[in-house]
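Structure first, commentary second.
The values are calculated or read from the model by the stated rules, or taken from the named source; none is laboratory data. Computed from a predicted structure; not experimentally measured. No Cβ is skipped: glycine too gets one built from the backbone with ideal geometry, and neighbour counts run over all protein chains shown. Note: areas computed on protein heavy atoms with side chains; ligands, DNA, RNA excluded. Shrake-Rupley method; radii C 1.70, N 1.55, O 1.52, S 1.80 Å.
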Amino acid sequence: MKTLLITGSSGLIGSEVVSFFSNAGWSVHGIDNNLRRDFFGPQGDTTWNRDRLKKSFKSFVHHEVDIRDRKGLLSTVADIKPTAIVHTAAQPSHDLAASRPFDDFDVNAVGTLNLLEAARQCCPDAPFIHMSTNKVYGDGPNQLPLIEKDTRWDYADPADADGIKETFSIDHSMHSIFGASKVAADIMVQEYGRYFQMPTCCLRGGCLTGPNHSGVELHGFLSYLIKCNLEGKTYRIFGYKGKQVRDNIHSLDVACFMFEFIQAPRISEVYNLGGGRDNSISIIEAFSLIADISGKKMTYEYVDENRKGDHICYISDLSKMRAHYPKWNITKDLRSTFEEIFCAWQGRS
């Protein structure tokens, strides 16, 4: 039986990967110590998801390991000797990184290095997939010519219509402290691939979403927005007139791409992973869509200051992913994704 090791296994992407590979007949080992609760408080707690996975999949084994614990992580990887590794564990918030920079760097950069080195020592031929972020590009995308439309910002140049390519510069821009720690991890994953000829890839995610997200204000755009609508809470918009655009990809489509990469791995690859133009939406457009689904008008307030390093308009160009892995494509559209998240919050409320 093939064995998968997944870090951050109780999180949004991690839990989706556990489900996907368990259903595909793999033996799955998850690493997660619920640090999200420490970062975001009780609302960020993911133990409900861990318990759901343990109950649902007999082949799933949970390991309460901190990726900052170098010796403990190495011992765990040595014991499991996985066929493939998916690394999703992270500190994901811009704002929190600024207030806790050492914790942010220790988790995002050092934790990634710990896992890479454990993989090199114990299973160097195992495909290694790292969940990076589009924030490695910093606020560089904001320098592209933009046009303001009624409900969104968009790219002014038709040449940019398909979105940001993997060749976009990661230099000379403001990343946020979070973005900088993720750059360090991203570059290290690439370097282990090139230097040691390991089958690694970085997935530079846009807005990753789905029904199993423990969304909070500091992280989890769609999940938190939909939760606010359901509960009648006030959602705060930070700058850009609420017209800032994100492309959203369902966690299932993320897991599907990971599966394709593991079947035919490449050395030191980078992919921009998002929903593409078809799954792009602004905040005020998202308000309208969830109101249409729930029948409840969105309550919000506007803060006339954007978050530092935040993107005005970000759409992932998916052409490289589709060229390298033609069996993969987006299967979940925006409306069905919204509906799934809405139903999931109803079930948990």
field: 3J(HN,Hα) from dihedral phi, region 129-134, Karplus parametrisation 6.51/-1.76/1.60, rounded to Hz, x for glycine, proline
entry: 9, 10, 7, 8, 7, 6
statement: Under a 1.4 Å probe, counting only protein heavy atoms, Lys165 has an accessible area in Å², nearest 10, of 100 Å²
message: Using a 1.4 angstrom probe on the protein heavy atoms only, could you order His29, His250 from most to least accessible area?
response: His29, His250
query: Can you list residues whose amide H is under 5 Å from Glu269's amide H, if they're 5+ apart or on another chain and H is modeled 1.01 Å from N?
result: Thr200, Cys201, Cys202
message: Which of the three applies to region 107-164, rounded, prolate or oblate, going by the alpha-carbon gyration tensor with a ≥ b ≥ c and a/c under 1.5 meaning rounded?
response: prolate
message: Quick check: from the Cα gyration tensor, does region 266-329 come out rounded (a/c under 1.5), prolate or oblate?
response: oblate
- request: Compute the relative contact order of the chain as a whole-number percentage, counting only Cα pairs closer than 8 Å that sit 6 or more residues apart in sequence.
  value: 19 percent
message: What is the percent carbon and sulfur in the accessible area of region 138-247, measuring with a 1.4 Å probe over the protein chains and ignoring ligands?
response: 54 percent
- line: Sorted by chain and then number, the residues having a modelled amide H within less than 5 Å of the amide H of His63, at least 5 places away or on another chain, are Gly30, Ile31, Asp32
- prompt: Cα centroid distance between region 1-22 and region 114-149, in Å?
  reply: 19 Å
field: Radius 11 Å from Cβ of Gly274, net charge of other residues (Lys, Arg +1; Asp, Glu -1)
entry: -1
statement: Treating only Lys and Arg (+1) and Asp and Glu (-1) as charged, each at its beta carbon, one finds that region 124-221 has a dipole about its Cα centre, in Debye to the nearest 20, of 260 debye
message: With a 1.4 Å probe and all protein chains kept in place, how do Tyr325, Tyr240, Tyr300 rank by accessible area, largest first?
response: Tyr300, Tyr240, Tyr325
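Rounded to the nearest 20 Debye, what is the dipole magnitude of the chain about its Cα centre when Lys and Arg each give +1 and Asp and Glu each give -1 at the C-beta?
On the way: 39 positive and 43 negative charges, 166 e Å.
I would put it at about 800 debye.
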message: Of the listed values (i) 124; (ii) 225; (iii) 198, identify the label whose number matches volume of the Cα convex hull per residue in Å³ calculated from this model.
response: (i)
- request: Give, as a single signed number, the net charge of other residues whose beta carbon lies under 13 Å from the beta carbon of Asn34, with Lys and Arg counted +1 and Asp and Glu -1.
  value: -3
query: Does region 124-233 classify as rounded, prolate or oblate by the C-alpha gyration tensor (a ≥ b ≥ c root eigenvalues; a/c under 1.5 gives rounded; else a/b over b/c gives prolate, otherwise oblate)?
result: oblate
query: Given a 1.4 Å probe and every protein chain left where it sits, what share in percent of the accessible area of region 19-72 is carbon and sulfur?
result: 48 percent
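Over the chain, give the accessible area per residue in Å² for a 1.4 Å probe, as an integer.
41 Å²
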task: Of the listed pairs Lys243/Lys308; Lys182/Lys241; Lys227/Lys308; Lys233/Lys296, which have alpha-carbon separations greater than 20 Å here?
output: Lys182/Lys241; Lys227/Lys308
Amide H partners (placed H, <5 Å) of Cys207, local residues excluded: Asp247, Ile249, Gly275
query: How do His213, His63 stack up against each other in accessible area, from largest to smallest, with a 1.4 angstrom probe?
result: His63, His213
